[in-house]
Amino acid sequence: MNTSGMLRDGALEGKVIMITGGGTGLGRSMGEYFLELGAKLAICGRRVEVLEKAAGEMMAAKGGEVFFHPCDVRSFEEVDKMKDAVIAHYGKVDVLLNNAAGNFISPTERLSPGAFDAVIDIVLKGTKNCTLAFGKHWIKNEEKGKVVLNITTTYAATGSAFVVPSAMAKAGVSAMTRSLAVEWARHGIRFNAIAPGPFPTEGAWSRLLPGDIPDMLKIENQVPLKRAGERQELANLAAFLVSDFAAYMNGEIVTIDGGEWLLGAGELNFLEAVPDEMWDWIGEATRKGK
Ligand code: HXC
Ligand code: NAP
């Protein structure tokens, strides 16, 4: 494993990158690496005090500039005002990273309609609102070479019990990624997505794996590589996808999960539990089948 930065110095020089939910967790980690590579950042979220603190700490740690603007991505009006504020500040935005999300585990029959909407509105409607606001701006002004990177999940493709609103919303984000990759290519906007496996963050773990659940379930056993992801591994992939080095990548959803989703999918994957010595016996026994 190599958890150092991957791209060359200055790889994102001159780019302005807007990260929704950029004040915490994975959004912040990706942002810090973008700063290291020379980008300027704008971050949004609902809590101004979180944004202000994060922006100060990120600039102190990495240098560069982090502009923040509080915004609830569920409201198109707020998103449009946020877009105007960022463009008034920097003059342009080159990359939109749709990272903000809401989620929690629950049996679906226990969810109120409002609980369902809380997640769908942040993830699906929020991603739509930001993409539409920035996309309309780029297209109207004939600005080319723009990038949208969406953060989805592996269960957007497979579905998952106990996170049904999130699975439904992330599946919609994947569909939007692939649809607009084709439709807006003529406007010089490319779309990709990342589907991460487990990358421990306070936001995700407090809502999906509270208390002792990670120890009880041994979450790393769900992953063939027997570990969670390192944030720099995700940041390296994100930096590549938003950079000009990935200019021919469009409409791709890149999984980075240590093989987690495949472990649950392959019919004979349970044989992972068979110890080496037992394979000698299995080898003999299966040859007898000839
Ligand atoms: C059941 C719940 C609930 C819970 C809230 N509700 N939490 N129902 N179980 N744990 C219900 C409320 O009772 C309310 O119902 C409705 O949902 C809205 O709740 P609010 O608290 O008013 O909503 P809001 O303040 O907007 O908060 C949204 C949130 C919250 C999604 C509920 O958790 C949040 O702010 N999350 C943002 C950050 C986050 O979730 N990060 C993790 C992303 S991890 P009524 O009936 O009154 O309307 C992720 C990883 C995926 O996506 C893959 C991992 C491997
Ligand atoms: P996180 O720290 O909780 O990040 C979520 C961010 O979204 C917060 O900064 C939050 O800020 C913001 N946000 C939530 N609702 C918002 C709203 N209505 N308007 C604006 N901003 C809002 O969790 P994370 O683990 O870093 O997750 C980041 C992304 O990775 C998400 O898309 C998540 O689905 C994805 N992901 C994570 C994992 C993992 O293992 N961590 C795995 C797969 C996918 P406020 O609360 O201040 O608004």
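Derivation of every value follows stated rules applied to the coordinates shown; laboratory data play no part. This structure is a prediction, so every number in the text was calculated from the model and none was measured. So basically every Cβ, Gly included, is an ideal-geometry build from the backbone, and we count neighbours across all protein chains shown.
Table for the structure above
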item	result
Region 150-164, residues that are crowded, with 21+ Cβ neighbours inside 10 Å, outside any loop (DSSP other than H, G, I, E, B) and near ligand 1 (Cβ under 9 Å from one of its atoms)	ILE151
Residues (among the charged types (D, E, K, R) and crowded, with 16+ Cβ neighbours inside 10 Å) located in region 31-59	GLU32, GLU36, LYS40, ARG46
Residues (exposed (fewer than 15 other Cβ atoms within 10 Å of the Cβ), touching a residue at least 24 places away in the same chain (Cβ under 8 Å) and part of a helix (DSSP H, G or I)) located in region 60-86	ALA61
Filter result (of a type in the set (A, V, I, L, M) and within 15 Å of PRO196 (Cβ to Cβ)) within region 210-253	ILE219, VAL223, LEU225, ALA228, LEU234, ALA235, LEU237, ALA238, ALA239, LEU241, ILE253
Residues of region 116-149 classified as within 14 Å of ligand 2 (Cβ to nearest atom) and surrounded by fewer than 16 Cβ atoms within 10 Å (Cβ to Cβ), total	1
Evaluation of LEU35 against (1) assigned to a helix (DSSP H, G or I); (2) closer than 19 Å to LEU234 by Cα; (3) within 15 Å of ligand 2 (Cβ to nearest atom) (one fails), failing number	(3)
Region 97-118, residues that are out of contact with any Phe, Trp or Tyr (no Cβ under 6 Å at 6 or more places or on another chain), aliphatic (A, V, I, L, M) and part of a loop (DSSP other than H, G, I, E, B)	ALA100, ALA101, LEU111
